[in-house]
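Asks: Sending over a structure as C-alpha cells; questions will come in a sec.
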There are 2 protein chains.
Amino acid sequence: MRNRAIRDALVRMSSMSASMAVPALPRGSIGRSAHPHHHHHRHRRPVGTAAAAAAAAAAAAARRDMRAAARGHHPPNTSAAASSTAAPYASSALADTPPARAGQRLGDVDTPALLVDLDAVERNAKRLRAELEALGSTARVRPHAKAHKVPELAFLTLRALGASRASGVCAQKLGEAEALVRSGALGEGPDVCITNEVAPSRGKMARLAALARHASRPRLSVVVDSAVGARALAEAVAAEAAEAAAAAAADAAAPPVHPIGVLVEVNVGQDRCGVDTPDEAAELAELLAELSASSASAAASAVASPPRRLLEFRGLQCYHGGIQHVRRASDRRDAAARAAALASEAVAAVRARGLEVPVVTGGGTGTCLFDAAAGGVFTEVQPGSLFFGDADYARNEPSWPPPARGGAGEDGDVRWERAWQQAAWVATTVMSRSEARGTAVVDAGLKAVALDSGPPRVLLSPTTTTGGEEGGAGPEFRNGGDEHGVLLFPRAGTVPAGAAPPIPPVGEVLRLMPGHCDPQFNLYDWVVAYRGGGGGGGGGGGGGDWRALPVEAVWRIAARGPGS
Amino acid sequence: MRNRAIRDALVRMSSMSASMAVPALPRGSIGRSAHPHHHHHRHRRPVGTAAAAAAAAAAAAARRDMRAAARGHHPPNTSAAASSTAAPYASSALADTPPARAGQRLGDVDTPALLVDLDAVERNAKRLRAELEALGSTARVRPHAKAHKVPELAFLTLRALGASRASGVCAQKLGEAEALVRSGALGEGPDVCITNEVAPSRGKMARLAALARHASRPRLSVVVDSAVGARALAEAVAAEAAEAAAAAAADAAAPPVHPIGVLVEVNVGQDRCGVDTPDEAAELAELLAELSASSASAAASAVASPPRRLLEFRGLQCYHGGIQHVRRASDRRDAAARAAALASEAVAAVRARGLEVPVVTGGGTGTCLFDAAAGGVFTEVQPGSLFFGDADYARNEPSWPPPARGGAGEDGDVRWERAWQQAAWVATTVMSRSEARGTAVVDAGLKAVALDSGPPRVLLSPTTTTGGEEGGAGPEFRNGGDEHGVLLFPRAGTVPAGAAPPIPPVGEVLRLMPGHCDPQFNLYDWVVAYRGGGGGGGGGGGGGDWRALPVEAVWRIAARGPGS
C-alpha cells in the first residue's frame, strides 16, 4: 500500500511540475499592489468575466492537483527521492494511537489524557437553551468548534441545543472547517462559518472555494475585513465556477457550485481584526455586493443555467474576545453593551446603503447571555468554552443568574459550577514525590496542560465534580517543564491541623481542571469521552469515583494543529 | 481495510475482556502501601523469582494485546459499536496532511508552518563538537529529542556530531522512545535514554519492557527515583523474560530479551524529580543492583541459556533545568558548578557501596559546555534546543567564547548568533492590517507559537538570519488568541524618522523566531526542512531571500503530543 502510494505520488508530482507553470489564482491583482517579493504570481488575468472563467478552466488540472494535496492525498513524506538526509519513513506517529478503548475503566486510561464528560456537555447546552428561552431571546447559537476541534463534539452540542436554537457551527480556520465538513459527524449539510479572515494565499483560496463546491451541501461562510481578502475570494469562486462549468459539460452529474456567504468583520473594541468604522464596514459590504453580482454574471456566462450568486454578503461579525473574562458580571454586561452599540452603528451604516444585514454574529462564553438578550443587535452568539469549562472562566462571576440573584464573593470554581458544569479534565499520574520538599510530580507538563491563562486546578478527591479542592487546601500546580507538573502541597502549620491533604503515592491517578479550554484541547490528539460524571442540573459534587466509570468513546481531535 | 481492522479489534477486545481478569503487573506491591483507590490491582504475586516468571507467562496473551493496542493497531475509533453518540468516523485529521512538498518554494508553503534550516542544525552540531574538542573534554553528547520529537532530526544531529562524540539520544517520555525506535530513522541499534521517570502503570511498564525486547537492538535506558518505580520495572522485565522464554520454546527465532539500563535521578537543585540525598541515591542504586541480580536469576530459570541481567544499574542522572537560562555566563557557570558538586557527592556515595557508576548524565543547552569541561563529573551532556535555538536562549550570554572574550552588553539575539545559529522558524501570513491602529495581524496565534517563555521575535526582512530586526525597530508580537498574532508597529515619532518599518500588506509571508523551542515543535505535526539559509560559521546575516529556497523534506513530528 505504502509503495503504491509513493509511486502514484511521484507520477502526480512530475505531471504537476509541468502544470504548475500555468498561473492559477493570481493574488493581490486588484486594489493593492502585489508585494515585490512575490515573483511567482506575475501573470494577471481579468476577474469576474467570461475571460476569467475560460482562463481558470485552463488551470483546472493544476488546481485539482493542489487540492488533492491539500486534502491529504499526498504521500506522507515526499522527500524520499529528493533529500540526501531522507531516512526510512515512519508511518506511525503517536497521534495515530488512541490512548484508550471504549469500555475501559477511566482510571486505567494511559495518562496524560484529555477526558470529556458528555453528560456535562449536554447539560451545559440544555442549560444555555433554557436560559435563552427564559430571556425571550430569538438569538440562535453557533457553538465554536475551535474550543475542541472535534466534529463529534460539535454534533453533540448542536443536538443538545436543538435545531430551532442552533444555527450551525463556527470554525476559526479553514482547516477546521475542512475537518468538520469532511468527517461526516455533522451529518449532511452542516452550516459552517469560518469566523476569521483567511490569509489570501492561492492555496487557501482554492481550498475554500473547493470546500464550498465539493463538500456535501455545506452552507459555508467566511469573514473578511479587507478589499484584498474580498477580491481574492471572488477570484477563487469565479475560477471554481469555471471549473464546475467544464465538469458539467463533460459530466452532467458533476457537483453544483454552492455560494460562499461572506460577513464583514467589524472591530468593536478588540483591536485585532475588523474594519474600524461603520463607513468602512458599509464600503466593504458594498464591494461584496458588487463582487457577488459579478460572480453571478461569471457563472451565467460559464454555465447554461440561470445566473446565481457565488458570493453572498450575509452580514457582520462583531466579536470582542477581550471582554469575555471581565470578572464582575455587571462590568462585563456594560462592556458587552458598548460593543453591541458599535455593532448597531455598523448595521445602520450598511442598511443606509440599501443592503440587508440578515446576520449579526458575535459573543463568546463570557458575554453571550448579554449579547443574546431580547431586542439586541445580535442574531446569533458563538460560545465555545461554555460547553466544557476551564479555570479561567471559572473565575468569572456568572452572567446568569443575574448578579442580584447571588454569586458574588464565592470561590471561583463554585461560581462556575453554579452557572455551568465542568466537563473537560486532564487525567495525570504521580511519577515522583518528595515528603521533604512537600511535592508530587505528575506526568502532565507544559505539553499536556495549557498554561497561557494560568495553571490548572488540581483535584485530589476522586468524587468531586467542582473545579478544585474544597477549602483551598489542595496543592498548587507549578510548571515543571515539558513533561513535568509539580504539585506544591501546603506545609504543616500553614493550614489547620488535619486540613493538609497527604501527598499521593507514585502511581496515583489525579484530575486537573484545565486553565484554558481551547489550547488545552489543541495539545491532544484524542478525546476520551465518558458519561455519568454526576452533578446533574447546574450543581457541583455528587458523583461517584470517576475512575470507575467506563470510557464511552475515543474521538480523534481531527482539526488539531496550528491551523492553516 | 478499515472494516477488517474494526472486526479484528472487536474479536481482540472480546478475548481481552476475559484475559484481563488475570493480574499482569501489580503496582505498588512492595515497599510503599498501595493507594486504597486502586481496587483493580489487589492480587499480588512474588517478584523476581521463577514463580513470578511462570505467573507472568500466563498473562502474556493479555499483555500482547495491550502492547498491540499501544503500538497503534487499534482501530481509530473503537466506540462505534458501543456509543450512542457515535457518528461516522473521520479518518482524515489535519495531522495527516503535510503542509508542503519537497521542491516547493518556501514562500509558498501553507502557513503557519514550522521551518527548520538543516544546514544550521548541522553547523550547530559541528560547532559544539569543535568546542568540546577545544576544551579537551571527553564527555559525549546525547542530543535531547524532546526538543523536536522528529526521528529524522535526531539522526541529523547524531551524524553531525559523529560517532565518537555522540552517545545516543534522549527521550523525555516512553512514547518518544517508541517513536524514535519505531521510525527506523536512527538506523539499527539506536541508544535511547528516557531521561525521566515513567509512571509505573501496568500499561506503561509492559510497553517499556516490550520496547527493549522487540525493537531492533535498542540500547534502552530509563531513569528512576523511587523504589516503587524500580520494582515496577523489575516486575515488567521479569514478565517479559518469561514471555520470551515461552516464545523461544515455541520458536527458536524469537527475538532475544535485551537488558534495560537504569539510572538513578538525583535532585541537584531543580526540586522536581530525583532523590534528595547521596545516601538515598546509593540506596536506590543498591536496590537496582539487587533487582538486577534477581532478574538474572529469573531469566536463568526461564530460559535455557546462561543467566543474564535484564535490568542494569548504569549510573546517575543529575540535571538542573532551572539554571539553563541564567543570563550571565559567569553566574550560569557557578550554578552549574554547584550542581556538579552535588552530583559528585552522589557518585561518591554510590561508589562507597562498591558499585560502579559508568554514566553521569545531565546538562542542557545553557550549561553543557561548563558541564562537559575536562575533569568534570559528567560523562555525557543532553542539549536539545542548542541545535535549533529560540528567543529565550538568545537572551543568554553565550557560554562560549568565555565572557572575557566578549559578548556582554550586546543585543540578545546577536549574542545567540555569536554562539549558535538560529535554525527553527515559524512562517506566517498577514491576514489583516490597520494603519489607524499600527497593527498587522498574522495567522499564528497561541496554537501556532509557544508563548510560555515569552513571545516570538518578528522578522520583517526576508534576508536576515539573526533573530530579530536590527536596530530594535521591528514590531512586537502580542498574543491575539487561538489563531491570531498581533504585530504592534512603532508609531511615528517613537523611532527615528525612516526607521519605522512599513506595515506589511495582507498576504505577506513573514518569519517568527520561536520563543521556546520545545513546545514550539510540539504544536506542529510536520517540520518543513530546507537548506541554504545562509549564515555560515557562527555569524549572522548574509543569506538571500529565504522565501526563494526550496523545501528539502517534510517530516512528521512523529512523537508530537502530550506524552504518555
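Asks: List pairs: first in the range A:172-184 and of a type in the set (Asp, Glu), second part of a helix (DSSP H, G or I) and open to solvent by less than 10 Å² (accessible area, probe 1.4 Å), Cβ under 8 Å, 6+ apart or cross-chain?
Replies: Matching pairs, first to second residue: A:Glu176/A:Ala145.
Asks: Here is a follow-up. Could you list, in sequence order, all residues of the range B:126-155 that are within 10 Å of chain A (Cβ to nearest Cβ), among the hydrophobic types (A, V, I, L, M, F, W, C) and open to solvent by 10 Å² or more (accessible area, probe 1.4 Å)? Write out each step before concluding.
Replies: Residues of the range B:126-155 within 10 Å of chain A (Cβ to nearest Cβ): B:144, B:146-147, B:149-155.
If we keep only those that are among the hydrophobic types (A, V, I, L, M, F, W, C) too, we end up with B:147, B:150, B:153-155.
Across the range B:126-155, the qualifying residue is only B:Phe155.
The rows are residues; the columns are (1) at pLDDT 95 or above; (2) at negative phi; (3) open to solvent by less than 10 Å² (accessible area, probe 1.4 Å).
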{"site": "B:Leu342", "(1), (2), (3)": "yes, yes, no"}
{"site": "B:Ala346", "(1), (2), (3)": "yes, yes, yes"}
{"site": "B:Glu356", "(1), (2), (3)": "yes, yes, no"}
{"site": "B:Gly363", "(1), (2), (3)": "yes, no, yes"}
{"site": "B:Pro383", "(1), (2), (3)": "yes, yes, yes"}
{"site": "B:Pro398", "(1), (2), (3)": "no, yes, no"}
{"site": "B:Gly412", "(1), (2), (3)": "no, yes, no"}
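To keep it simple, each residue is scored yes or no on (1) open to solvent by 50 Å² or more (accessible area, probe 1.4 Å); (2) touching a strand residue (DSSP E or B) at 6+ places or on another chain (Cβ under 6 Å); (3) at pLDDT below 85.
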site: A:Ala247; (1), (2), (3): no, no, yes
site: A:Ile260; (1), (2), (3): no, yes, no
site: A:Ala285; (1), (2), (3): no, yes, no
site: A:Ser301; (1), (2), (3): yes, no, yes
site: A:Ile323; (1), (2), (3): no, no, no
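Asks: Of all residues in the range A:365-378, how many are surrounded by fewer than 19 Cβ atoms within 10 Å (Cβ to Cβ) and among the β-branched types (Val, Ile, Thr)?
Replies: 0
Asks: Just to be sure I understand, how many residues within the range A:156-186 are more than 8 Å from chain B (Cβ to nearest Cβ), open to solvent by 10 Å² or more (accessible area, probe 1.4 Å) and more than 18 Å from A:Ala125 (Cα to Cα)?
Replies: Final tally of qualifying residues: 1.
Condition check ((1) open to solvent by 10 Å² or more (accessible area, probe 1.4 Å); (2) modelled with pLDDT of 95 or more) across all residues:
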| site | (1), (2) |
| --- | --- |
| A:Glu188 | yes, no |
| A:His214 | yes, no |
| A:Arg219 | yes, no |
| A:Val222 | no, yes |
| A:Ala230 | no, yes |
| A:Ala239 | no, no |
| A:Asp251 | yes, no |
| A:Pro256 | yes, no |
| A:Leu263 | no, yes |
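Asks: Hey, among the residues in the range A:187-205 that are assigned to a loop (DSSP other than H, G, I, E, B) and free of Cβ contacts under 8 Å to residues at least 60 places away in the same chain, which one's nearest to the other protein chains (Cβ to nearest Cβ)? First the steps, then the outcome.
Replies: Residues of the range A:187-205 that are assigned to a loop (DSSP other than H, G, I, E, B), as a first pass: A:187-190, A:195-201.
Filter once more, so that each one left must be free of Cβ contacts under 8 Å to residues at least 60 places away in the same chain: A:187-190, A:198-199.
Numbers: A:Gly187: 8, A:Glu188: 11, A:Gly189: 14, A:Pro190: 11, A:Val198: 7, A:Ala199: 4 Å.
Of everything passing the filter in the range A:187-205, A:Ala199 is nearest to the other protein chains (Cβ to nearest Cβ).
Asks: A:Leu451 - would you say it is modelled with pLDDT of 95 or more and either within 30 Å of A:Leu158 (Cα to Cα) or of a type in the set (Phe, Trp, Tyr) (or both)?
Replies: Working: modelled with pLDDT of 95 or more: yes; either within 30 Å of A:Leu158 (Cα to Cα) or of a type in the set (Phe, Trp, Tyr) (or both): yes.
Judged against the criteria, A:Leu451 is a match.
Asks: What number of residues within the range A:113-125 satisfy the criterion of being open to solvent by less than 10 Å² (accessible area, probe 1.4 Å), touching a strand residue (DSSP E or B) at 6+ places or on another chain (Cβ under 9 Å) and in a helix (DSSP H, G or I)? First the steps, then the outcome.
Replies: We begin by selecting, within the range A:113-125, every residue open to solvent by less than 10 Å² (accessible area, probe 1.4 Å); these are A:113-118, A:120-121, A:124-125.
Now restrict to residues that are touching a strand residue (DSSP E or B) at 6+ places or on another chain (Cβ under 9 Å): A:113-118, A:120-121, A:125.
Applying the additional criterion that residues be in a helix (DSSP H, G or I) yields A:118, A:120-121, A:125.
Looking only at that region, the number is 4.
The values are calculated or read from the model by the stated rules, or taken from the named source; none is laboratory data. Note that the coordinates shown come from a computational prediction; the quantities given were computed from them, not determined experimentally. Virtual Cβ from ideal backbone geometry, glycine too; neighbours counted across all protein chains shown. For accessibility, only protein heavy atoms count, side chains too; no ligands or nucleic acids. Shrake-Rupley method; radii C 1.70, N 1.55, O 1.52, S 1.80 Å.
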